[in-house]
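Colleague: Dropping a structure here in structure tokens format, bear with me for questions.
The values are calculated or read from the model by the stated rules, or taken from the named source; none is laboratory data. Given the structure is predicted, the values throughout are model-derived calculations rather than measurements. Reconstructed Cβ throughout: ideal geometry from the backbone, glycine too, with neighbour counts over all protein chains shown. Heads up: the accessible areas ignore ligands, DNA and RNA and are worked out on the full protein's heavy atoms, side chains in. Shrake-Rupley method; radii C 1.70, N 1.55, O 1.52, S 1.80 Å.
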Amino acid sequence: QVQLVESGGGLVQPGGSLRLSCAASGNFFSIDNMGWYRQGPGKQRELVASIATDVWGNYGRTNYVDAVKGRFTISRDNAKNTMYLQMNSLKPEDTGVYYCNARNTFSGMDYWGKGTLVTVSL
């Protein structure tokens with residue numbers, strides 16, 4: 001069992017910044033990838049950023065959706081079992097509920113947090 005709890009969402013003006021946190025607990029032995037998803041109003045949930053956590057040569061590799069490249073940074077603090085998403089130069093289209101995800105890409109096992117709301121607006 002893996003538990004994920006997001007925090008750090010809120011209201012921010014365009015051009016501002018937020019840092020989201022995902023605190024993880026439980027058995028992460030089989031987890032090889034973690035990421036942040038978001039779901040904006042009237043949109044499908046999409047993968048925003050991911051980071052590899054396996055030991056097969058991919059550890060630390062990151063990927064970003066084109067819309068956030070150069071603005072968002074995903075990272076992990078292994079000692080604290082916490083994943084972060086630093087979001088800079090926020091735009092109104094970044095608005096949505098952001099979800100923390102952990103998975104085993106081979107077995108398809110997926111774990112989700114409940115989400116944290118990010119609103120970018122004047």
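Colleague: Given +1 on the Cβ of Lys and Arg, -1 on the Cβ of Asp and Glu, and no further charges, what dipole in debye does the chain carry about its Cα centre, rounded to the nearest 20?
Modeller: For this selection, approximately 160 debye.
Colleague: Same structure, new question: Just need the relative contact order of the chain here, percent rounded to a whole number, with Cα pairs under 8 Å and 6+ apart.
Modeller: After rounding, I find 36 percent.
Colleague: Related question: In nm, to one decimal, how far is the Thr62 label point from the Arg19 one, both placed 7 Å along Cα→Cβ?
Modeller: Calculated label separation equals 1.3 nm.
Colleague: Let me ask another. Given charges of +1 on the Cβ of Lys and Arg and -1 on the Cβ of Asp and Glu, with all other atoms neutral, how large is the dipole of the range 54-122 about its Cα centre, in debye to the nearest 20?
Modeller: Result for the range 54-122 is approximately 120 debye, rounded to the nearest 20.
Colleague: Residues in the range 39-54 near a label at Lys69, defined as backbone nitrogen under 20 Å from the 7 Å Cα→Cβ point?
Modeller: Within reach of a label on Lys69: 46-52.
Colleague: Turning to a different aspect of this structure: Averaged per residue, what accessible surface does the chain expose to a 1.4 Å probe, in Å²?
Modeller: So the chain comes to 55 Å² accessible per residue, rounded to a whole number.
Colleague: Hey, if you put +1 on the Cβ of every Lys and Arg and -1 on every Asp and Glu Cβ in the range 59-121, which of Thr82, Asn101, Gly70 ends up farthest toward the positive end of that dipole?
Modeller: My answer, from the dipole projection, is Thr82.
Colleague: Taking 20 °C and 1.002 mPa s as the conditions, I'd like the Stokes-Einstein D for the range 1-42 in µm²/s, using the Kirkwood hydrodynamic radius from alpha carbon pairs. Don't skip to the answer; put the middle values down first.
Modeller: Values: Rh = 12.8 Å.
The Stokes-Einstein estimate is 167 µm²/s.
Colleague: Continuing with the same structure: Distance between Cα centroids, the range 91-122 to the range 1-77: provide it in whole Å.
Modeller: Cα centroid of the range 91-122 versus Cα centroid of the range 1-77: 7 Å apart.
Colleague: Between Thr105, Thr53, Thr62, where does the largest GNM mean-square fluctuation fall for the chain, given springs only between Cα atoms within less than 10 Å?
Modeller: Looking only at Thr105, Thr53, Thr62, the biggest GNM fluctuation is shown by Thr105.
Colleague: For Ser89 and Thr105, compute 0.36 nm times the residue count separating them, minus their Cα-Cα distance, and round to one decimal in nm.
Modeller: Taking 0.36 nm per residue and subtracting the Cα distance, the gain is 2.6 nm.
Colleague: Enumerate the whole-percent occupancy of each 5 Å bin, from 0 to the last occupied one, for all C-alpha pair distances of the range 39-93.
Modeller: Reading upward from the zero bin: 4, 16, 23, 24, 17, 9, 5, 1.
Colleague: What fraction of the DSSP beta bridges in the chain is antiparallel, stated in percent and rounded to the nearest 5?
Modeller: Percent antiparallel among DSSP bridges in the chain is about 95.
Colleague: Hey, what do the phi angles of the range 22-34 turn into as Karplus ³J(HN,Hα) couplings, whole Hz, using 6.51/-1.76/1.60 and θ = phi - 60°, x for Gly and Pro?
Modeller: 10, 8, 10, 8, x, 8, 9, 4, 9, 7, 10, 8, 10
Colleague: What list of ³J(HN,Hα) couplings, whole Hz, do you get for the range 90-102 from phi and the Karplus terms 6.51, -1.76, 1.60, once you set θ to phi - 60° and write x for glycine and proline?
Modeller: With the stated coefficients, the range 90-102 comes to 5, 10, x, 5, 7, 4, x, 8, 9, 10, 8, 9, 9 Hz.
Colleague: On to the next question. Whole number please: convex hull volume per residue of the Cα set in the chain, in Å³?
Modeller: On the way: hull volume 12.2 nm³, N = 122.
It is 100 Å³ per residue.
Colleague: Oh, and also: Arranged from highest to lowest average of other beta-carbon atoms within 10 Å per residue, in what order do the peptides 6-13, 82-89 appear?
Modeller: Values: 6-13: 15.2, 82-89: 19.2.
Output ranking for 6-13, 82-89: 82-89, 6-13.
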